[in-house]
1. Taking the Cα atoms only, what angle lies between the long axis of helix A:141-154 and the longest principal axis of chain A, rounded to 10 degrees?
2. Please report the relative contact order for chain A, taking Cα pairs under 8 Å with a sequence separation of at least 6, and give it as a percent rounded to a whole number.
3. Using the alpha-carbon atoms, what tilt in degrees (0 to 90, nearest 10) does helix B:236-246 show relative to the longest principal axis of chain B?
4. Over chain B, calculate the relative contact order: mean separation of alpha carbon pairs under 8 Å at least 6 apart, over the residue count, as a percent.
5. Within a 10 angstrom radius of each residue's Cβ in A:129-136, how many Cβ atoms of other chains show up on average? Whole number is fine.
6. If a/c stays under 1.5 just call it rounded; otherwise compare a/b with b/c (prolate if a/b is bigger, oblate if not). Do that for the protein assembly as shown, with a ≥ b ≥ c from the square roots of the Cα gyration tensor eigenvalues.
7. How high is the relative contact order of region B:189-315? Use alpha-carbon pairs under 8 Å, at least six apart in sequence, and give a whole percent.
8. Is the C-alpha gyration tensor of region B:10-173 telling us rounded, prolate or oblate? Criteria: a/c under 1.5 is rounded; beyond that, a/b larger than b/c is prolate, otherwise oblate.
Amino acid sequence: MLTQKIAPTFAPHKLAIGMPKLEDLQQIVVQTRRDILRMVHKVNSGHPGGSLGCTEFFVALYHEIMQLKDGFDMDGIGEDLFFLSNGHISPVFYSVLARKGYFPVEELNTFRLIDSRLQGHPTTHEGLPGVRVASGSLGQGMSVAIGAALAKKLNGDDHLIFSLHGDGELQEGQNWEAIMYASGNKVDNLIATIDRNGQQIDGPTEKVLPLGNVKEKFEVFGWDVLEIANGNDLKAVIAGLKEAKSRTGKGKPVCIVMDTVMGHGVDFMMHTHAWHGKAPNDEQLETALAQNPETLGDY
Amino acid sequence: MTKYEDQGKKDTRSGFGDAMTALGRTNPNVVALCADLVGSLKIQDFIDENPDRFFQVGIAEANMMGIAAGLTIGGKIPFTGTFANFSTGRVYDQIRQSIAYSGKNVKICASHAGITLGEDGATHQILEDIGMMKMLPGMTVINPCDYNQTKAATMAIADHKGPVYLRFGRPKVANFTAVDQNFEIGKALMLNEGSDVTIIATGHLVWEALIAAENLENQGISAEVINIHTIKPLDEASVLKSVKKTGCVVTAEEHNYLGGLGESIARTLANQHPTPQEFVATQDTFGESGTPAQLMEKYGLNNKAIEKAVFKVMKRK
């Protein structure tokens, strides 16, 4: 059993200044995976699969792509904003927020515990910096992201709105209301990414309720769509997000269909929906952590 | 008895629409959203004057609630507009997670509430909305009684920080409260002082309560009439003060007796001052097609029903 170490030496903002090297970012990716695994293991609950699959995306977004102010205020005027619609992948969100400096990394120790700001699903209710809306009940995030994008336009703020959605989540009808609205109203300061890992709780998405060709669906709804073929290749994710940014402001909302592998980075968690909402036991954790050696210091 | 004069029948939804026009001119952060019911919500003037601050979302209420939540991030004050049915039951989870739990400053403005929606029938007549909305932690629930009060309430909620459910109706009804009233959220209004019974009414039933009180006065019964426009937070002090004097209470609302104003009053009384109470409300039923007056008569929601309830509750003192 691993002992928990405090890592006060980590200075999160240092990495955000200037142009971080790919290797630096890769170190954060590995450390984030460790955080995710340790968080869900400690409380024997939470969703490691989707979190591990989206780690590169989160690290790229927060450390390379988004323009962020120091500190946190709810209105977020003058900075890019991110909305997580599939709130169950809170472990990756919390780890990245903490290591970006929104709150102390030690607080990751409180994930899902009573009196914690790190609720099972993200919420504004406990005042956790970095979170701007509650999510967890699926299918609601795109509408909220559109609203925030409209507020940016009204405020003459040319920063962007990013959002992330699970692919299974697209089975919720509200998404299609939102998808229709965004193109019909030229919400072109929005980049919505679909985590196309092909898995959901009950099995492969194409078995549970086929989503078909997600890219074409968004396209016929009037979006500008690009694909990231390997959402677990950090370089490809950064390139894809940069390309998406370059397509904003042209009259269409931008969608990224990003193929990821649920459970990426831990061999026995990959290519299955089994770890969607299951925590590893002691032995499994040890194996998983061995595949992701400590880089920035465990919390 | 204090006299109230009908200044001319008007629909409460027009009070909302006219207030939106005023807010459009005075508060640059106010924005409006509508789900394909602009005419019904009477917000065309707001739209004409503030086209950039209006968002037509089409027949997609869930998306409307989410967009409204998002618009608050950046300091906007969104007012959503559709029928009460589609403002609540249809989008309960969106309101619950994206607005109430997230503490967003959204004003959910709901027209055509209750049975007086009339001919469209039960699919559109919601009698459960107060219950659903008052159960949400942090939600303020307001049901004004006439045009003037609805206008004042709409203005007031723009300055209130936090989610609000504002419920109003379709038909033209008596407009009897003061034109330039100061609307205080959470404050009961004493309309008539009395000593034998307290009648606590909300929405369209307030005017009926005043008619009932006048009829009762002619029969030698002194009825105190209180207008509760804010069902949550409830002005418990005013309620308790009155029932301690009269010893019995009739509550009147255009809503199911389950989950409505009456239940909120009953809870207050049970906790602090048990008192005989009768409920003028629908009896756990759906509505049906008909004219508003026919429906109010059939479902026991008029001054005659209030009078009957007064006689019944006074015997229980």
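Just so it is clear, none of the values below were taken in a lab; they were calculated from the coordinates. The structure presented is a predicted model; accordingly, all values stated were derived computationally and were not measured. Note: ideal-geometry Cβ built from the backbone for every residue, glycine included; neighbour counts use all protein chains shown.
1. 60 degrees
2. 27 percent
3. 20 degrees
4. Once normalised by length, the contact order is 18 percent.
5. Whole-number average of other-chain Cβ neighbours for A:129-136 is 4.
6. Prolate is the answer for the protein assembly as shown, as a/c is 1.5 or above and a/b outweighs b/c.
7. RCO, region B:189-315: 30 percent.
8. Working: a/c = 1.38, a/b = 1.08, b/c = 1.29.
Here region B:10-173 falls in the rounded category.
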